[in-house]
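The values are calculated or read from the model by the stated rules, or taken from the named source; none is laboratory data. Given the structure is predicted, the values throughout are model-derived calculations rather than measurements. Heads up, the Cβs are rebuilt from the backbone with ideal geometry, glycines too, and the neighbour counts pull from every protein chain shown.
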Amino acid sequence: MIKKILKWAGIILLILIIALVSAPFLFKGKIKSLVLKTINEQVDATVAFEDVSLSLFKNFPMASVSVEKLSIINKAPFEGDTLVYMDNIDLTMSVKELFKGEGEPMNLESFSTKDGVVNILINKDGIGNFDIALKDEEDKPGDDSESKPFALNIQDYAVENLRLKYFDESSKMKLVIDSLYHDGKGNFAASKLDLDTHTTAKLSFDMDKTNYMRDVALKLDAVLGIDLENNIYTFKENKAFINQLPLEFDGSVALKEEGQQIDLTFKTPTSSFKNFLGLVPEAYSGNLSTVKTEGDFTIDGKVKGLNGENSIPTFNVAIASNNASFKYPDLPKSVDNIVIDTKIINETGVLNDTYVNLDKLSFRIDQDVFNAKATIRNIVDNALVDADLNGTINLANVSKAYPVQLDTPLSGILKANLSTKFDMLSVEKSEYEKMQNNGSMSLSGFTYSGDGMAKPVSISQASIQFNPSRITLSEFKAKTGGSDIAVTGTLDNFYGFIFKDQTLKGNFDMNANQLLVADFMAPEAPETKAKTEQGEAKTEAKPAVASEAVKIPAFLDCTITARANTVVYDNLNLKNVSGKMVIKDEAVALQNVSTDIFGGKIGFNGNVSTKAATPTFKMDLTLSAVDIVQSFTQLDMLKSIAPIANVLTGKLNSTINVSGNLDSKEMTPDLNSLTGDLLGQLMNTSIKEENSKLLTALDNNLKFIDLSKVNLDNLKTYLSFENGKVNIKPFNIKYQDITVQVGGQHGFDQSINYNVAFDVPAKYLGSDVNKLLSSLNSTDASKISVPVNANITGSFDNPKVSTDVSKAVTDLTQQLVKQQTDKYKKEGEDKLKETIGGLLGGNKKEEDKTSTTTDQTKTNTTTNNQTQQTAEDKAKEAGKDLINGLFKKDKKKEE
């Protein structure tokens, strides 16, 4: 019997398992069609989802339906905008709901979402992108009986990690609720229920480019009384926190066709001044349980009225504290005589009528007292601001009275005596004459250092003067490391920069005795000591933090006229630096910049832009009497353009036009992107061939020239460069009376392809050659020259020299043969003329000699031919000896 029971139990269990596994495949199509029907019958938008799945195991014995990657995309007038995206939606229902017939709604008992985004947009015409429900009867695919594939019988729900963004284009109001986690439990099948909810989120709020809240932590645990028939939601038991500030709510919110009818009051449950400290995020306020406080702090607010299309509820929020103080037990100083009197009021239900009165804000640390008051009215159309600041703050006392998280404590004295009155429209239009500014602010003895700074910055004195037309930086003196800076100038739209996100415009004069660029560079990661397995200490560098691309700030639009006695950059010492920088549109224009360096002067104009992903630059440089060795060995760009210059000594005048890309992090030129040209003139220049493998190789192949004695004074050269190659326009130089033409190309990768042409007079070919020419009855040897061409390839470190030796032999031989042939031919013609002249003279005595003369002429002709042949042979021999003299070193001398 037991065996049969177990057997049937096993069979039944197997059947159940098979059913549970196969059910998702059987019902998946049905569920998917119901989801599509539900969506399509409700919205006028483009809806898509990746998949719908069914599981009987996930929430057994309940069935779970999962919709993955659901998106709702708006149609016109918000075409393409994402209204809703949900990474995952889970719906839970009873298994029996799967077996309902077509047309019968399935009852959902719970649902949850994860990683969702909701974007609510209202355009300037007041149309919202959330209004996607089908409105006309003809838009609906069926009657009411067929339009409820799912019915709500919710018992609980959850929202995990939702981001909700609200933006109203007309009012420039932006509200972001991020990291929203919310869950609720209640019986939605009943018309009236109590919903137990728990909510956490972070809130940010901006209006018209002004930020009022940034990532404020919110928490609400509340029981809401819900009347589904009348759409009324009532706060019952609740406890809320804004950061650490506690609040309690009473009242209700009713949903009506014309809007939300709100009737709420809220207040702090206690009046302790700790409530004020609770407004500050916990990371900055520390442990409040141990803080000793005196006095009170209260928030009391009322909100009542209709929140509709053309109205808002009236409200009155009062924030007050009187003669309060607080002291942290582990800090030496306290903050005393704290007075806060602030009201935020709207009495009409018109948003623009909202106003803020900061009637008084005052506190004291030690003997330093600071006071402020302000009013803001007409906040939507054209905010009117009226504020006064007066007092002194010793910055060193701030961290002694409040647990400010600073790596390096602040120091310095801040003083303010300022009155300002302006409207935002004048700020936006830069109508500074409508602003009323008077007073001053100053900072002295201020020192700051941080991880991103190489050296601490000490501001000895900074003073700002406020007047109706502009703000003047009357004094700014600072030091960091070995650098000192003094700046004066004006700011033309300070308020536009602060309140309207406009560019910061100004003009400044900067003077410095010494600027060390390294003082402003981020320090390298320090080395750390680590032990090897044998216990020995070894040095390791900390992992380098990936640096970000350098960007010229887009908010700057200013001109800086700068002068410095000394600027030190890497291994360069620049003296008497002056010039102008115009910073605008993420670019810096450099104008009339000059400096003394390398024994001469360098001047340049140009610009650097970081607006594109790859920074670019363009420079026009003028080099006047600079030392060649220093300039072409210490400046990497010049070294790459003309590496051969390192064998030269002397001075250089040059103009260089260059443009290209910059490395986005190091801001150094990308050599392969450079284009431009260089025109240079050498002065008092000599060659040190031992500094160059190229010249040494050339000298070893050519005996007739001593490169160290080549005169390059006043030589002018022209180079052009592009695509990593430098083209040299052919130029001529003289060595005694040898003409040399140089041209060709080299690359930034050190590759070379030079052509050097020599026109060599015969007199430089050696005494043996001169004797040979003389023995042949040659004309003046200076009239004979030999063209020699050398081609230099390879690289600067490994040059390869080739010459056209065979062509030189042929050319010289032909010259000698021609000269000898012409000589003997002329001699023969002259002799023939003399003989014929004698015959024609009729002299008998001569006649007797006719036969003898005739014979002699034949003999002379034969001799002449033999002489000519001898000349040719000797010419060839002379050519061979000449080539040997040109291209072979004297062995005796070598020995």
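Determine if region 500-510 includes at least one residue that is assigned to a strand (DSSP E or B), at pLDDT 90 or above and of a type in the set (Phe, Trp, Tyr).
Filtering region 500-510 for residues assigned to a strand (DSSP E or B) gives 504-510.
Applying the additional criterion that residues be at pLDDT 90 or above yields 507-510.
Add one more test, that the residue is of a type in the set (Phe, Trp, Tyr), and what stays is 508.
Within region 500-510, one or more residues are assigned to a strand (DSSP E or B), at pLDDT 90 or above and of a type in the set (Phe, Trp, Tyr).
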Working only within region 451-471, note down all residues that are modelled with pLDDT under 90 and of a type outside the set (A, V, I, L, M). Asp451, Gly452, Lys455, Pro456, Phe466, Asn467, Pro468, Ser469, Arg470
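Taking region 335-355, which residues are under 13 Å from Pro403 (Cβ atoms) and not hydrophobic (A, V, I, L, M, F, W, C)? Step through it out loud before you land on a result.
Quick first cut of region 335-355, residues under 13 Å from Pro403 (Cβ atoms) only: 335.
Selection gives nothing.
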Which count do you get for residues in region 217-238 that are touching a residue at least 24 places away in the same chain (Cβ under 8 Å) and within 17 Å of Phe249 (Cβ to Cβ)? 9
Members of region 625-653 that are out of contact with any Leu (no Cβ under 9 Å at 6 or more places or on another chain) and in a strand (DSSP E or B): Thr649
Considering each residue of region 371-402, count those that are in contact with a Phe, Trp or Tyr (Cβ under 6 Å, 6 or more places away or on another chain) and farther than 16 Å from Ser426 by Cβ, and give that number. 2
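This table checks each residue for (1) over 22 Å from Leu719 (Cα atoms); (2) out of contact with any helix residue (DSSP H, G or I) (no Cβ under 9 Å at 6 or more places or on another chain).
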{"residue": "Thr566", "(1), (2)": "yes, yes"}
{"residue": "Asn571", "(1), (2)": "yes, no"}
{"residue": "Val577", "(1), (2)": "yes, yes"}
{"residue": "Lys580", "(1), (2)": "yes, yes"}
{"residue": "Ala613", "(1), (2)": "yes, yes"}
{"residue": "Leu648", "(1), (2)": "no, no"}
{"residue": "Leu652", "(1), (2)": "no, no"}
{"residue": "Val658", "(1), (2)": "no, no"}
Just checking, does region 667-678 include any residue being outside the structural domain of Gln745 (by TED's automatic domain parsing), closer than 15 Å to Ile602 by Cβ and either out of contact with any helix residue (DSSP H, G or I) (no Cβ under 8 Å at 6 or more places or on another chain) or crowded, with 20+ Cβ neighbours inside 10 Å (or both)? yes
Give me a count of the residues in region 725-749 that are closer than 24 Å to Phe632 by Cα and in contact with an Asp or Glu (Cβ under 7 Å, 6 or more places away or on another chain). 0
Residue pairs within 6 Å by beta carbon, gap of at least six or interchain, first lying in region 186-213 and under 30 Å from Asn378 (Cα atoms), second of a type in the set (Asp, Glu) and outside any strand (DSSP E or B), listed first then second, are Lys209/Asp501
Kindly indicate whether any position in region 495-508 is of a type in the set (Val, Ile, Thr), surrounded by 17 or more Cβ atoms within 10 Å (Cβ to Cβ) and without any contact (Cβ under 8 Å) to a residue 24 or more places away in the chain. no
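Tell me, which residue of region 64-84 that is in a strand (DSSP E or B) and in contact (Cβ under 8 Å) with a residue 40 or more places away in the chain is farthest from Asp44 (Cα to Cα)? Don't jump to the end; show me each part of the working.
In the first step, residues of region 64-84 are kept if they are in a strand (DSSP E or B); the result is 64-73, 82-84.
Filter once more, so that each one left must be in contact (Cβ under 8 Å) with a residue 40 or more places away in the chain: 72, 83.
On the way: Ile72: 10, Leu83: 12 Å.
Top of the filtered list is Leu83.
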